[in-house]
Every structure is written in C-alpha cells, then in structure tokens.
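Read-outs: derived from the displayed coordinates by stated rules, not from any lab. It should be emphasised that the depicted structure is a prediction, and the values quoted were computed from it without experimental measurement. No Cβ is skipped: glycine too gets one built from the backbone with ideal geometry, and neighbour counts run over all protein chains shown.
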Amino acid sequence: MNTIHETRSPFPPFTHGTATQKVRMAEDGWNNRDPELVALAYTSDSQWRNRAEFLTGREEIMVFLKRKWAKELEYRLIKELWAFDGNRIAVRFAYEWHNESSEWFRSYGNENWEFNDDGLMQRRYASINDLSIKESERKFRWPQGLRPNDHLGLSELGL
C-alpha cells in the first residue's frame, strides 16, 4: 500500500515572513474557490469551527466550501496576519459577496489556525459577522480570482 506523505511549506515554527506567506497562500486558495484544492491545505482529520458550524475532515470541508461558494456569489477575500507563535497563526479577514437577490455583504472575521509539523492546518476556528453594504460601497473590485499584488490590504483600506 502506498502512503503519500503530505506537506505544505512553509513549515512551523513560523517567522513573520513565513507566517505572512502562509496567510497569503490561504487567501489565494480561497479566492480561487476550488473546494478540492483548498481542502488539501488541511489535515485529513482537520477540525473546524466556522461560525456555529463544526466540521471534521477534508470531505466535510469540501462539502461546506461547495455550499458556501454556491451561496456567496462573486466572492473576494483579503486576509491579514494578526499574530503568530510557533505553529499557530491568527488572522483577520474581510470578504465581499452577494446573494442570489444581488444584495451585497462584507463579512468580517478572525481565524485562529494551528498547523502540524508538515505545514498542514489541523485546526481552524473562525468567527464571522456579515454587514449589508450597497454595491457602490464595495472595495474589492478586482476580477474574480486572486487579489492583484498591487491591491490594497485591509489596513490600507481602513477595514
């Protein structure tokens, strides 16, 4: 039987540079909105709390992400490093999206991440609040997909 040893650099313990890199990699993955690829950044038994929903494992993560991105249309996300220590990273984020009725929202949140030695996330705890916004109040206007490198981050946008 072949056992694939999965790794995802950078690895803990994190420095400011590697923690920042990990955050941007996560942002890029989520902005691509591919549940199967995003799930590969997590351990096979990863534990999540997302709002009031509790998930375990990649399969549940994939089902969750498919459901999320079917509801949250034109999703665009920015993540920012808040703090790090050893194998843990704290992130703040905001994302914009609209529902099927074309009502726009900006969702704000914080995440706490814990990684195994192979750089895979084994725990993710997310607290998120949604704010109804007008389409004219949107700040994340790049084409669907990765945020351009020259686009302002959360702090620069005053978020």
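Details
- Unit charges on C-beta of K, R, D, E only; dipole of region 1-75, Debye: 180
- Bridging of residue 134 to lysines at a Cα separation below 19 Å is possible for 71, once same-chain residues fewer than 8 apart are set aside.
- Remark: region 47-107 carries a charge dipole of roughly 160 debye about the Cα centre, counting +1 on each Lys and Arg Cβ and -1 on each Asp and Glu Cβ.
- Residue-averaged 222 nm ellipticity for the chain, from DSSP H runs of 4+ at -39500 (n - 2.57), nearest 500: -7500 deg cm²/dmol
- With the biggest extent put first, the Cα atoms of region 71-116 measure 43, 18, 11 Å across the principal axes.
- Convex hull volume per residue for the chain, taking Cα atoms only, in Å³: 115
- Dipole axis of region 1-83 (+1 Lys, Arg; -1 Asp, Glu on Cβ), positive-most option in 5, 17, 52: 52
- Proportion of all alpha-carbon pairs of region 1-51 beyond 13 Å (%): 68
- Ranked by how many other Cβ atoms sit within 10 Å of their own Cβ, fewest first, the residues 115, 54, 105, 84 fall in the order 54, 105, 84, 115.
- Dipole moment magnitude, nearest 20 debye, the chain about Cα centre, only Lys, Arg, Asp, Glu C-beta charged: 220
- Top of 128, 89, 61 by mean-square fluctuation, Gaussian network on the chain, Cα under 10 Å: 128
- The spacing between region 57-111 and region 1-52, judged by their C-alpha centroids, is 14 Å.
- Cα-Cα pairs of region 66-159 separated by more than 20 Å (percent): 43
- Projecting the Cα atoms of 102, 145, 112 onto the charge dipole of region 1-156, computed from C-beta unit charges around the Cα centre, puts 102 farthest toward the positive end.
- Of the residues 96, 72, the one with the fewest other Cβ atoms within 10 Å heads the list, and the complete ranking is 72, 96.
- Put in order of Cβ neighbour count within 10 Å, fewest first, the listed residues 114, 53 become 53, 114.
- With both residues required to sit in the chain, DSSP beta bridges show an antiparallel share near 90%.
- HN-Hα J in Hz across region 33-41 - Karplus 6.51, -1.76, 1.60, θ = phi - 60°, x for Gly and Pro: 6, 10, x, 5, 5, 4, 4, 5, 7
- Gain on full stretching of the segment that runs from residue 159 to residue 59 - 0.36 nm per residue minus C-alpha separation: 32.7 nm
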